[in-house]
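Throughout, read-outs are computed from the coordinates displayed, never taken from laboratory work. Keep in mind that this is a model prediction, so the values were computed, not measured. Backbone-built Cβ (ideal geometry, glycine too); neighbour counts: all protein chains shown.
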Amino acid sequence: MCLTTAPTQQRFSFTSPPWLAEHRALCREQREDTSPTMSVQRRKIVEGNTHVLKSPVGIVRLLAVIFACVTFSLVVHRGGYSGRTGDMCMFSWCFCFVVTIIILTVEFVGIQSRMPVSWKNFPITFAMFAVLMCLSASVIYPLFFLQDRSYGSERHTYQVVATVFSCLTTLAYIIEVSLTRARPGEVTGYMATVPGILKVIESYIACVIFVFISEPILYDGHDALKWCLAVYCICFILSVIVIILCVGECTGWLPCSFEKFLNAYALLAVLLYISAVIVWPIFQFDSKYGGRTRRRDECGYGSGILCVWDKKVAVAVLSAFNLIIYIIDLVYSARLIFITV
């Protein structure tokens, strides 16, 4: 602490002791040395945090926040939503909005290293899930809620605009994934690589399959269909385990190397899905096993947007699509050169 002396009166002469003069000189030097340094440091911190929002990724995230906010605001105000389908769409928009705000806040404050997750893996993992969630909502919302043909109505206008902004939100997250994914020769987190992104797609498709086969229950007709359910569950659980290990930086917990685990898992998933792709259509659409080959035989006319037969077809298509994803995952996992989590 720098000391000061009381002001001297004019009729007395006061001579400062040598130690006080040295102390004052030292205080002046400290102020001259520390003040510019501290101001420069504060300026660098502010400029660095502002740069996060001015970067291409930051701009895209801000746009995603704005588009998602506009979307659910329009739906809540006059667009309207109801039932489990409407709740799912609303959850997708609100969840993406909240998590993106959290990511922007963390990076603006600069506390990535204090977060309990790997910041090399978490943002792109969320961005990929956000792409799939918003894409699903962009398809499902107009499919179920744009049935009113009174194009002049105000509610219908709100629904159309909400659908447009939902598509813009999806596009913003797609751009974010393309900006943050790993480039050839770049050392980054596993979830930023092609196999990591494919893990997100695999797990999300499995979730959609679960939705279709659970209401009504489509796997009780034969034991072979229960085997298909087991395939979907096993592969989904393993995909989620890989994602959690990468985001939580826990790959060292495995009893074997992470590379070997990935290759073994991808090969197992391909073999399991091959069996599901073959078994599901046989026991759902073959008349020998009680299946229906035509939609009208099971649903009839005027059965709505998605009847039981439609859901069975959707599961068969999604199973084949997920098999293709797993095959691509197996190829990339075998060729993966670097894994840094």
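By how many nm would the segment from Leu143 to Cys256 lengthen if fully extended, with 0.36 nm per residue of separation less the alpha-carbon distance?
Values: separation 113, 0.36 × 113 = 40.68 nm, distance 4.63 nm.
The span from Leu143 to Cys256 would gain 36.0 nm if fully extended.
Please give, to one decimal in nm, the separation of the simple spin-label points placed at Val98 and His222, each 7 Å out from Cα toward the Cβ.
4.3 nm
Give me the distance in nm between label points sitting 7 Å out from Cα along the Cα-to-Cβ direction at Asp286 and Ser82, one decimal.
4.3 nm
Please say if the stretch 140-276 is rounded, prolate or oblate, where rounded means a/c under 1.5 for a ≥ b ≥ c the square roots of the C-alpha gyration tensor eigenvalues, and otherwise the choice is prolate for a/b larger than b/c and oblate otherwise?
Values: a/c = 3.45, a/b = 1.36, b/c = 2.55.
Here the stretch 140-276 falls in the oblate category.
Between Ile278 and Val160, what FRET efficiency follows from the Cβ-Cβ distance if R0 is 41 Å, with the result rounded to 0.05?
On the way: r = 42 Å, r/R0 = 1.02.
Taking R0 as 41 Å, the efficiency between Ile278 and Val160 is 0.45.
Under 15 Å from the Cβ of Leu262, count the other residues' Cβ atoms, weight Lys and Arg +1, Asp and Glu -1, and hand me the total.
Numbers: positive: Lys199, Lys260, Arg335; negative: Glu202, Glu259, Asp329.
After counting each charged neighbour, the total is 0.
Mind giving me the FRET efficiency for Cys233 and Asn49? R0 is 35 Å, r the Cβ-Cβ distance, nearest 0.05 is fine. List each step's numbers first, then the result.
Working: r = 44 Å, r/R0 = 1.25.
Efficiency computed from Cβ-Cβ geometry: 0.20.
Which lysines have a Cα lying under 19 Å from the Cα of Lys311, excluding residues fewer than 8 positions away in the same chain?
Here the lysines satisfying the reach criterion relative to Lys311 are Lys226.
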